[in-house]
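Worksheet for the structure shown next.
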Amino acid sequence: KVVHVNMSCQADTLERERKPRRLTGKKTQGPPRPLRDEDNLLGLPSREDVGPGGLVPHEVAKVRNDNQIIHFYHSLIQLCEELSIGWTLEASATSFLWNFLWVAEVEALRGVTRMETDLCVWGGPAKQRIAMIGRLPELMGLTRACGVGEGAVPHRHRDVSRDEAMAYPRDFAEAFGQLILKDLRNKGLLVKPVRKEDPPEEPPGDDPVVET
């Protein structure tokens, strides 16, 4: 098995540049303000602590909720390591997630690799760069950069919501899925389902006679 964790979808307060989740008509909804920084990875001070300008109660609650999610997935990855289960951890390349000490320690483990890719190269609508670390062989094979490489040209990008920008293009999803399947095959964990044989047909003959 392989466990995949996408922190961009689970804890959006980790994003440095928080985009609106949806676009409203022709007008773009203003982006939410940052709720963390490099010096306050667990959340900026609240209004109660620093007065006007601090986080208001609903922002404090959102940060605390996301911190619980981060703690849960940290524990999940530790469990995967203990049980020798493959795993991957994903977030936008600029996410505050990569500043957490435990993430750096996990990334430094032997056999854990990292890749970064621009989803627009795979067919996405926006130049959204994601980073992924994990215990998955050939993960670096998913690395792509917009406008980089022989004959490459920058892709056209559209102003889209965060959900649309982070959605996997079909080509990326297929390539990522093939890596996981290959890893499972190499470990002998992917077995073709056994097809239940059809019962043998009765030989042709006369209809049975029922005595009364």
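Derivation of every value follows stated rules applied to the coordinates shown; laboratory data play no part. These numbers come from a predicted model, not from an experiment. A quick note on method: Cβ atoms are made from the backbone with ideal geometry, for glycine too, and the neighbour counts reach across all protein chains shown.
Judged by the mean number of other Cβ atoms found within 10 Å, the most tightly packed of the peptides 120-128, 102-110 leads the ranking 120-128, 102-110.
Classified by the C-alpha gyration tensor, the range 35-116 has a prolate form. Its axis ratio a/c, with a ≥ b ≥ c, is 1.5 or above, and a/b is larger than b/c. From the square roots a ≥ b ≥ c of the eigenvalues of the alpha-carbon gyration tensor of the range 34-181, which class results: rounded (a/c under 1.5), prolate (a/b over b/c), or oblate? Since a/c reaches 1.5 but b/c is at least a/b, the shape of the range 34-181 is classed as oblate.
With the simple model of a label 7 Å out from the Cα in the direction of the Cβ, Lys187 to Asp37 spans 4.2 nm. Return the whole-Å distance between the Cα centroid of the range 95-138 and the Cα centroid of the range 154-174. Cα centres, the range 95-138 to the range 154-174: 16 Å.
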